[in-house]
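Trainee: If you scroll down you'll find the structure; I have some questions about it.
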Amino acid sequence: MPLNLEHLIPEHIRLFDPYRPSPPDAELMRLYGLKRLHRLNNNENTLGPSPAVRELLAGLEAGVIPVYPHGDSQDLRETLARTLGPDRSQFLVGNGSCELISSVVKAFCEPGDNIVTADKTFAVYEWVATFSGVEARLIPLDRDQRFDPDAMLAAVDDRTKLAFVCNPNNPTGTYWDEATMRRFLDGVDGRCIVVADEAYFEYVERPDYPDCIRLLDDYPNLVVFRTFSKMYALAALRVGYLCAGEAVTDVIGRAHVAYSVNTPAQMAARAALLDRSPFIERTRAMVRRGRELIRETCEALGFEHIIGEGNYVMIRTPISDTLLQRKLLRRGFLVRTMTGFRFPNWIRVSLEREPVLREFCSVFRSLFE
Amino acid sequence: MNTAAPRIRLQLPADAAWAGLVQASAEQAGRVFGLDPAKSLRLVHCAEELLLFLASAETGEVEATLRPVATGVEVGFSFASAGVDLSALNLASDPGAGGEDGDWTSLPLLLASRMTDGFRVGLDGRRMEIVLRVDKAYPAPELLPAERLRPQGRPVLAEAGDAGALFEACSAIAGLYPAHVAPEWCLSPGRTADLVRAGELSAIEARDAGGRLCGIIFWRMRSERSVTFFGPYDFTGDGSMAGELVEALLRAVGRTSARNVFSSLATQPLADHGFELLAELPYLLADSPEPVVHPVWGRMLQEDFGAAAWTHEGFADFLRDRYDALELLRDLRPVRDLGEAVQAGSVLGARLTPGLSEVFLHPELNGADIGDNIARHVSTLASAGYRNIFFEIDLAKGWHAAMGGHLIRCGFRPELLLPLGGQSDTLIFRHAAES
Ligand SMILES: Cc1ncc(COP(=O)(O)O)c(C=O)c1O
């Protein structure tokens, strides 16, 4: 009996093009004949995880594995509450913040609704909306490659349920300062939920950069997303969280799968929060040094570049980003092409440890000199 | 309100006794869907020919579908392929014993195809499908005068969809560019507008502060994996729009399912805009003996992590060359004769565009006669006057690559490699008439 899938799949799923992750390192290294492969494509922090997390993982008891995790990550939420201030009932923990993006869309949107975000930003907001049958209104970044608050406000209508603001933006590293964020929230005036995705929060050292968790009391429609995948270097464990007013967190929690965060992930995230070692400071120093190296290289080659906040930078070259990706992969470096972020002929490079970036810069130069 | 496009479906035995039903349906569909009487009549003839043909091929139960499409009406027949000798459905089928000198051009399918504006035959899953399209008769208005201009202020780019704007664009292209880089639909702006309205063609235009048209670029999805474009048409005196139009195209298709983009009609070299030269494709126009050469500029849209590709000695050198030039890493697997049994009759799919004298062939079902079948198609199509015959294979499939020897013997040459254009890379051969 042949399976006729066409009759079973909704239109928005049929038209959706799934994300294709890159093959495992071992496979790439075999195919490309590489002795080493540096992933500068996922904004990971290879300096980590922090010493406390390493210690915890090394001592992990096999006995925790047969037992279900806390269904609602209670201990971790308690630690988040103690570390960051809000009540534990305001936190919701997910299998990476990607899962939370999905939960917030499920909680608030039905077909016919829309979300508002930027055209050149992290793709998952747009993807989740699209494959949920919800319109994604993509507002062009402004001339300084920032989210455009006025154009976004103009796009909000009575079917807008969510506005996603990536702060700082992936991939441009631009951000809204506190005044801009407040002005936007005032403009929205409670008409929809505003998500501030602060995946790279811990990397930003600018005094005018807002900590949106501190704005929650003023704006009950605000939801803040953070992740343990970036600064805390727990990407493989998949753990992120959101913080919002209790009522909003409760609504999102209804659409959220309980038990989605495993025990080692909950434990490691707690350890990462409680770690008082200089790990975060060392990471920030590494990123600062990385920015300098990339800036020098781009200036020497005369290439346009965008160096903002976060542990990544963007570079524009005279060849296509896809050709450059292939050339670099042959030489042992994976970078992210930016055509999919609507920045054709730009690549995004994650800021890694200095020796790796030095090698990257020298290979990169050799391709153009 | 139900906005789904109407679709008339008939389920009937492939039997000449039902010709009247099919004719009457086609006649009415033609009228309701907006064809003029002459074009409706064509649709009626095509539908009837197809039914009679399917009756002779004994395909059993068939489904006939009539539906409006962007530019006219499509009629299609499909049937379950199991138990049917599909080889009879080749555009150029073997006339059988005693028919070596058969006049293949008079075969019913090809005959039907010549009355149409578009024709395709192929397998869709387990159903065989034959679809043909009859277009509306569009007026050919006198085009507006065109001249190169100097933009006032910084031109703004936006999607073009308005029929008036497209008329302006078609006029400017016809006035400012040689005919061989003007897309055929440009000559009937109404058709261009219908294609854009239906989403089969997309366009981005640039207008200056005075609202004057400074340039345009067109594209369409060639498959789920490939976008092909026309332009950039830059109407400024200093060529300042081309780069922005190409960028706008890339932004528009960058987050779609397409893995590559390449030019059908390129107006200028695009190396400075991040494109790679993929081929220089000779193309025979209706009225000249010498081909024009179309450079094909393209690039991938997504990351590439290497892949496997089947190769055959007939085109292995070509592939190695292309993969080197494009810095693509591929595990090349030479095809081998494994001695496995194949069925007797092969089936080739075809897409015909009579207006361009163009055919794209592709393999649908392998068979022992595949070499003869290719040769038969070439001679049939050539004697029917088709001058640009292409053959497309997917290097994910060993049996596609294994046709390399037959293709070369039949006068095909590998010309264009589209990375990840199908399940794996797509290789397009062109039939070289001289060989
Ligand atoms: C802006 C942004 N938000 C969210 C995420 C997803 O992170 P997680 O690993 O928590 O799902 C990323 C990861 O790249 C990101 O860049």
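The values are calculated or read from the model by the stated rules, or taken from the named source; none is laboratory data. Predicted model only: the values in this text are computed from it and were never measured. Cβ coordinates were reconstructed from backbone atoms using ideal geometry, including for glycine residues, and neighbour counts include every protein chain displayed. Protein only, heavy atoms only, side chains kept; ligands, DNA and RNA dropped before computing areas. Shrake-Rupley method; radii C 1.70, N 1.55, O 1.52, S 1.80 Å.
Trainee: With respect to A:I252, is the statement that it is more than 16 Å from the ligand (Cβ to nearest atom), modelled with pLDDT of 95 or more and surrounded by 20 or more Cβ atoms within 10 Å (Cβ to Cβ) true?
Mentor: No; evaluated as a whole, the condition is false for this residue.
Trainee: Which of the residues belonging to region A:80-101 are of a type outside the set (A, V, I, L, M, F, W, C), open to solvent by 30 Å² or more (accessible area, probe 1.4 Å) and within 12 Å of the ligand (Cβ to nearest atom)?
Mentor: A:N95, A:E99, listed by residue number.
Trainee: Just give me the residues in region A:307-326 being surrounded by fewer than 19 Cβ atoms within 10 Å (Cβ to Cβ) and within 21 Å of the chain's Cα centre (by Cα), in sequence order.
Mentor: Residue satisfying the conditions is A:I307 alone.
Trainee: Among the residues that make up region B:355-363, is at least one of them within 14 Å of chain A (Cβ to nearest Cβ), buried (at least 17 other Cβ atoms within 10 Å of the Cβ) and modelled with pLDDT of 85 or more?
Mentor: So far as region B:355-363 goes, no, none of its residues is within 14 Å of chain A (Cβ to nearest Cβ), buried (at least 17 other Cβ atoms within 10 Å of the Cβ) and modelled with pLDDT of 85 or more.
Trainee: Related question: Are there strands (runs of 3 or more DSSP E) fully within region A:33-128 with at least 3 residues that are under 14 Å from A:F164 (Cβ atoms) and modelled with pLDDT of 95 or more? List them.
Mentor: A:114-118
Trainee: In region A:121-139, is there at least one residue being more than 15 Å from the ligand (Cβ to nearest atom), open to solvent by less than 50 Å² (accessible area, probe 1.4 Å), on the phi > 0 side of the Ramachandran plot and in contact with a His (Cβ under 8 Å, 6 or more places away or on another chain)?
Mentor: Yes, the conditions are met somewhere in region A:121-139.
Trainee: OK, next. Suppose the filter is in contact (Cβ under 8 Å) with a residue 24 or more places away in the chain, open to solvent by 10 Å² or more (accessible area, probe 1.4 Å) and not assigned by TED's automatic domain parsing to the domain that holds B:G243; does B:E276 pass it?
Mentor: So B:E276 fits the description; yes.
Trainee: Hey, any hits in region A:105-112 for a residue that's farther than 19 Å from A:D72 by Cβ, within 11 Å of the ligand (Cβ to nearest atom) and open to solvent by 30 Å² or more (accessible area, probe 1.4 Å)?
Mentor: No - not one qualifying residue is present in region A:105-112.
Trainee: If A:P69 satisfies every condition in (1) under 30 Å from A:F16 (Cβ atoms); (2) open to solvent by less than 60 Å² (accessible area, probe 1.4 Å); (3) away from the ligand (no atom under 16 Å from the Cβ) but one, which is the exception?
Mentor: It is condition (1) that A:P69 fails.
Trainee: Looking only at helices (runs of 4 or more DSSP H) that fall completely inside region A:234-352, which ones have 3 or more residues that are out of contact with any Gly (no Cβ under 7 Å at 6 or more places or on another chain) and within 14 Å of another protein chain (Cβ to nearest Cβ)?
Mentor: A:321-330
Trainee: Output the qualifying pairs, or none if there are none: Cβ atoms under 8 angstrom, residues six or more apart or on different chains, first residue in region A:219-231 and among the small types (G, A, S), second residue within 12 Å of the ligand (Cβ to nearest atom).
Mentor: Between residues of region A:219-231 that are among the small types (G, A, S) and residues that are within 12 Å of the ligand (Cβ to nearest atom), the close pairs are A:S229/A:E44; A:S229/A:G96; A:S229/A:S97; A:S229/A:A199; A:S229/A:A235; A:S229/A:R238; A:S229/A:V239; A:S229/A:G240.
Trainee: Conditions first: (1) outside any loop (DSSP other than H, G, I, E, B); (2) within 14 Å of another protein chain (Cβ to nearest Cβ). B:R320 passes all but one, so which condition is the exception?
Mentor: (2) is the only condition that B:R320 fails.
Trainee: Looking only at region A:26-54, filter to residues that are without any contact (Cβ under 8 Å) to a residue 24 or more places away in the chain and over 17 Å from A:Q325 (Cβ atoms); which one of those is surrounded by the most Cβ atoms within 10 Å (Cβ to Cβ)?
Mentor: A:R54
Trainee: Of the numbered conditions (1) out of contact with any Phe, Trp or Tyr (no Cβ under 8 Å at 6 or more places or on another chain); (2) more than 14 Å from the ligand (Cβ to nearest atom); (3) within 14 Å of chain B (Cβ to nearest Cβ); (4) closer than 23 Å to A:D17 by Cβ, A:R143 fails exactly one; give the number of that condition.
Mentor: (4)
Trainee: While we're here: Restricting the search to region A:1-21, which residues are buried (at least 16 other Cβ atoms within 10 Å of the Cβ) and under 30 Å from A:P355 (Cβ atoms)?
Mentor: Selection gives nothing.
Trainee: So, in region A:164-185, how many residues would count as being more than 12 Å from the ligand (Cβ to nearest atom) and open to solvent by 10 Å² or more (accessible area, probe 1.4 Å)?
Mentor: 7
Trainee: Pull up region A:210-234, narrow it to residues that are within 12 Å of the ligand (Cβ to nearest atom) and among the hydroxyl-bearing types (S, T, Y), then point me to the one that is most open to solvent (accessible area, probe 1.4 Å).
Mentor: Result: A:Y232.
Trainee: Would you kindly identify the strands (runs of 3 or more DSSP E) lying entirely within region B:353-435 that contain at least 3 residues that are over 21 Å from B:R322 (Cβ atoms) and of a type outside the set (F, W, Y)?
Mentor: In region B:353-435, B:358-365 are the strands (runs of 3 or more DSSP E) which contain 3 or more residues that are over 21 Å from B:R322 (Cβ atoms) and of a type outside the set (F, W, Y).
Trainee: If you check every pair at least six apart or on different chains, which have Cβ atoms under 8 Å apart with a residue in region B:220-244 that is under 18 Å from B:R207 (Cα atoms) first and a residue that is acidic (D, E) and at pLDDT 95 or above second?
Mentor: What qualifies is B:S240/B:D234; B:M241/B:D234; B:A242/B:D234.
Trainee: Considering only residues of region A:199-209 that are part of a loop (DSSP other than H, G, I, E, B) and within 16 Å of the ligand (Cβ to nearest atom), which is surrounded by the most Cβ atoms within 10 Å (Cβ to Cβ)?
Mentor: Filtering first and then ranking leaves A:Y200.
Trainee: Tell me which residues, restricted to region A:36-51, are away from chain B (no Cβ under 13 Å) and within 16 Å of the ligand (Cβ to nearest atom).
Mentor: A:N43, A:E44, A:N45, A:T46, A:G48, A:P49, listed by residue number.
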